[in-house]
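A.B. asks: Got a structure for you, questions after.
Throughout, read-outs are computed from the coordinates displayed, never taken from laboratory work. Predicted model only: the values in this text are computed from it and were never measured. Quick reminder, even Gly has a Cβ in these numbers, built from the backbone with ideal geometry, and neighbours come from all protein chains shown.
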Amino acid sequence: MPEASVFESLTTARRRLQDALKAAGRSQDAAMLLAVSKTKPAAILRQAYLAGQRAFGENYLQEALDKRRELADLEAIEWHFIGALQSNKTRDVAEHFDWVHAVDRDKILRRLSEQRPEEKGPLDLCLQLNVSGEASKAGVTVDALPALVETALTLPRIRLRGLMALPAPSDDADTQRRAFRQVRETLERLQRQYPEAALDTLSMGMSGDLEAAIAEGATVVRLGTAIFGSRPSPQA
Ligand SMILES: *Cc1c(COP(=O)(O)O)cnc(C)c1O
């Protein structure tokens, strides 16, 4: 994608987010745009950075580390790991990322905390919630969530910030909203239960369902296609 079009699609995506926030009666800074840049080359991320984008989401560790190295000159760039995380990858994530979005296991939480370097602040983290009706096995169920939250809140080098969700894609706005509402209500219960914790984040909404996610309180929307265009299919 030529650079002008990254600039344009970012502008369009920002406008779309602003419109959705306005329609939901929320303030214009109530949600941030995470640019999901998996499969896109570092040069394209640099164009997005030059257009003002600071937060980038990556799914594949090696690819992300390579791009991070190539873009090491960019100040205040923020790296979010949003992919499935295996335990043999936690060290690199703990050392090189600012946020992790999709944690759903005790062992991963403990390793991230142990491996987070002392000189960095605590690693900001969301637990992935498996919303009802979702075919994917990823994410913690509502029933298993309390135990994982208890663990997360005791670990010193991670900072639990909230919940992330990846509902099954749907074209129906009501179906989209139902899934996101479940995530919001779950976070609200946790906020009441742990008023001292910094539980301020709902990472939900992608290119196809941003409006529904914003209407249900998303504070981070993860946009890939809407900013960078389509990706090669994973099977390719
Ligand atoms: C790829 C991906 C996105 C972005 O999806 P788009 O539909 O391209 O906006 C968001 N979140 C996660 C976890 C992803 O893997």
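A.B. asks: Which strands (runs of 3 or more DSSP E) sit wholly inside segment 158-236 and have at least 2 residues that are within 15 Å of the ligand (Cβ to nearest atom) and either of a type in the set (A, V, I, L, M, F, W, C) or surrounded by fewer than 20 Cβ atoms within 10 Å (Cβ to Cβ) (or both)?
C.D. replies: It comes to 158-164, 220-223.
A.B. asks: In addition: Only one residue in L123, L112 is of a type in the set (A, V, I, L, M, F, W, C), more than 16 Å from the ligand (Cβ to nearest atom) and touching a residue at least 40 places away in the same chain (Cβ under 8 Å), so which one is that?
C.D. replies: Step by step, each of L123, L112 is checked, and only L112 is of a type in the set (A, V, I, L, M, F, W, C), more than 16 Å from the ligand (Cβ to nearest atom) and touching a residue at least 40 places away in the same chain (Cβ under 8 Å).
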